[in-house]
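Here is the structure we will look at, set down as structure tokens.
The values are calculated or read from the model by the stated rules, or taken from the named source; none is laboratory data. Computed from a prediction, not measured in an experiment: that's the story for all the values here. Backbone-built Cβ (ideal geometry, glycine too); neighbour counts: all protein chains shown.
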Amino acid sequence: MLVTDDALLAARVRHLSTQAREPVAHYEHIEIGYNYRLSNMLAALGRGQLASLTERIARRAEIEQRYRAALTERPGYSFMPVGPDRTVNHWLTVITIDPTLAGHDAEALRVHLEGDDIESRPAWKPMHLQPVFADAPRRTNGVSENVFTTGLCLPSGSSMSDADLDRVVARLMTVTST
């Protein structure tokens, strides 16, 4: 769902979401489009969730701040930077781990958390490393590969309880203090 007061942006999104079909009698496309329209039921559900969007974002920001407070001073741990005059939605809390400073890598931390039934996930695999795109042209500079190998997505859902957050932070501290 997209909410905007920009008429040009809304028109562009509508065009792309209807397969970017040109307004001619036959199917003609000058750019790639998609068929990502929501059913009326899913659109209604999304619209209903907008009422609590501010609270959900605030909760995720609280969770990220708690992780930052616990981990910022730990050697080898860093958080994704936010540029000046930028606003983030705190959708996901991702840390990167420098194993030479932390004494372990992101995968070791993931396994450590998994041992206590805490789900975390590696950062996304870059598109150019996906088998389906093995032969596709690419321009790389190493940044996405670095985030993939050093990044870990921490639990950060807006419904996460304080007790669950306390448990995750406590478990993080046991690996980071070794």
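Residues in the stretch 97-106 that are without any contact (Cβ under 8 Å) to a residue 40 or more places away in the chain and either surrounded by 14 or more Cβ atoms within 10 Å (Cβ to Cβ) or hydrophobic (A, V, I, L, M, F, W, C) (or both): 1 in all. Taken as a whole, the condition of being loosely packed, with under 14 Cβ neighbours inside 10 Å and in the same structural domain as M160 (by TED's automatic domain parsing) applies to G115. Looking at the stretch 122-129, is at least one residue out of contact with any Asp or Glu (no Cβ under 8 Å at 6 or more places or on another chain) and either assigned to a helix (DSSP H, G or I) or not assigned by TED's automatic domain parsing to the domain that holds V111 (or both)? Within the stretch 122-129, one or more residues are out of contact with any Asp or Glu (no Cβ under 8 Å at 6 or more places or on another chain) and either assigned to a helix (DSSP H, G or I) or not assigned by TED's automatic domain parsing to the domain that holds V111 (or both). Every condition in (1) over 30 Å from S52 (Cα atoms); (2) over 22 Å from the mean Cα position of the chain (by Cα); (3) without any contact (Cβ under 8 Å) to a residue 24 or more places away in the chain holds for A170 except the one numbered (1).
Is it the case, given these coordinates, that L109 is of a type outside the set (D, E, K, R) and free of Cβ contacts under 8 Å to residues at least 60 places away in the same chain? No.
The lone criterion from (1) over 29 Å from S161 (Cβ atoms); (2) surrounded by 11 or more Cβ atoms within 10 Å (Cβ to Cβ); (3) of a type in the set (A, V, I, L, M, F, W, C); (4) at pLDDT 95 or above left unmet by L8 is number (2). Here R56 passes the criteria (1) more than 20 Å from the chain's Cα centre (by Cα); (2) of a type outside the set (A, V, I, L, M, F, W, C); (3) crowded, with 16+ Cβ neighbours inside 10 Å except the one numbered (1). Pick from the stretch 130-145 the residues that are surrounded by 10 or more Cβ atoms within 10 Å (Cβ to Cβ) and closer than 29 Å to L172 by Cα: which of them is nearest to the chain's Cα centre (by Cα)? My answer is S144.
R74 meets the stated requirement of being in contact (Cβ under 8 Å) with a residue 60 or more places away in the chain and not in a helix (DSSP H, G or I). Checking D98, D85 one by one, the residue that is more than 18 Å from the chain's Cα centre (by Cα) and farther than 25 Å from N146 by Cβ is D85 and no other.
Residue-by-condition table, conditions (1) out of contact with any strand residue (DSSP E or B) (no Cβ under 7 Å at 6 or more places or on another chain); (2) of a type in the set (S, T, N, Q); (3) in the same structural domain as V169 (by TED's automatic domain parsing):
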{"position": "L16", "(1), (2), (3)": "yes, no, no"}
{"position": "I32", "(1), (2), (3)": "yes, no, no"}
{"position": "A43", "(1), (2), (3)": "yes, no, no"}
{"position": "R60", "(1), (2), (3)": "yes, no, yes"}
{"position": "P75", "(1), (2), (3)": "yes, no, yes"}
{"position": "F79", "(1), (2), (3)": "no, no, yes"}
{"position": "V88", "(1), (2), (3)": "yes, no, yes"}
{"position": "T100", "(1), (2), (3)": "yes, yes, yes"}
{"position": "A108", "(1), (2), (3)": "yes, no, yes"}
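If only residues of the stretch 146-163 that are part of a helix (DSSP H, G or I) and over 18 Å from the mean Cα position of the chain (by Cα) are counted, the one that is surrounded by the fewest Cβ atoms within 10 Å (Cβ to Cβ) is A163.
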